[in-house]
Each structure stands twice: as structure tokens, then as C-alpha cells.
Amino acid sequence: MSTCQQCGHVLETDDHFCAGCGRPVEALDHTGSMTSIIMKPADPSGPMTAVGAGTSTGIPRGSAILVVRRGPGEGTEYPLSAGSTTVSIGRTPESDVFLDDITVSRRHAELRHGAEGWSVRDAGSLNGTYVNRKRVDDVRLNGGDELQIGKFRFAFLVSDAG
């Protein structure tokens, strides 16, 4: 078992982000050895940031992307437009983010965009909505947060500028 190098929170083997502070963490590779997350400069003159750390210059201003990190459709990206005020997530095909799995409620959660940024609200789901492995009812999202709905785990990535 390891701990976050920034805040000391105890980490699980399959954690991609620290549940305590949201910082990207090391991951086990296919051999079981620890590997560091690849670092790259977001701006060649600026500080180093982890790839997938939560912000991206390739995302339109105010927009975000949900990326499936674990579960069916791993690697699938769901772009979230800054013009959308509410994005529905659920098992019903009418959902904006349609997740076809029995662990997801028909109307599971909503992502909302407002002046303060993006937030997620559980819509009374049976299995709950989790952010950084903590069950939530309504919480503001930060870049790099891990969102779990049913057996789907998403990385929440936002634009660098607001």
C-alpha cells in the first residue's frame, strides 16, 4: 500500500488520482511494478503537469470531457460543451451520456455547468455517484477528479481557461 506524495492519503493499487487532494498518482504497470505518470510541459516555459492531470489546452474554453478510464467502453470520451447547462447521465437511451449497464440507474446523475464551473448531482440513483471514491449528492468538480457511476470510472478533464 502506498500514500500520496502531496497529502499523505492512503492510496489503493488501482487509484489514478488521490481521493484526498485529486493529484495524479503513480500506477502499477502490467508487470506489477510502479511506473510514474508521464510528465510534459503544458506550456514549454511553464511548470510540468501530468498528462491527464485534469486540464487540457485542447478543450474549448469552459468545456470539459469525461473519459472512461475503467469499465465498458474504456477510452471513450464524452465532450461536455460550455453551452450545456445540464447533461444527463443514465441507462435510458435519452440520456446525454448513455451508459448501458445494469449498475447504472435510468436517470443516474446530472452534470451542470454554471458560473462556478462544473458540478455533479446524483439524481436519486440506487448505487450512488462517487467523486474521488466518496459518495456525493451534489459537488463541484475539479479537473482531474475521478467520477464513478455504476461500474464506469471517468476522468473529468476541463479546459485550462474557465
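The values are calculated or read from the model by the stated rules, or taken from the named source; none is laboratory data. The model shown is predicted, which means the values in this text are computed figures rather than measured ones. With ideal geometry, Cβ positions are generated from the backbone for all residues, glycine too; neighbour counts draw on all protein chains shown. Accessible surface is based on the protein model in full, side chains and every heavy atom, while ligands, DNA and RNA are left aside. Shrake-Rupley method; radii C 1.70, N 1.55, O 1.52, S 1.80 Å.
List of remarks:
- Hey, Leu126 of a type outside the set (Gly, Ala, Ser), more than 23 Å from Leu11 (Cβ to Cβ) and outside any strand (DSSP E or B) or not: yes
- Filter pass, Ile59 being under 12 Å from Phe156 (Cβ atoms), outside any strand (DSSP E or B), open to solvent by less than 50 Å² (accessible area, probe 1.4 Å) and out of contact with any helix residue (DSSP H, G or I) (no Cβ under 6 Å at 6 or more places or on another chain): yes
- Residue ID - modelled with the lowest pLDDT, chosen from residues in region 62-83 that are open to solvent by 40 Å² or more (accessible area, probe 1.4 Å) and hydroxyl-bearing (Ser, Thr, Tyr): Ser81
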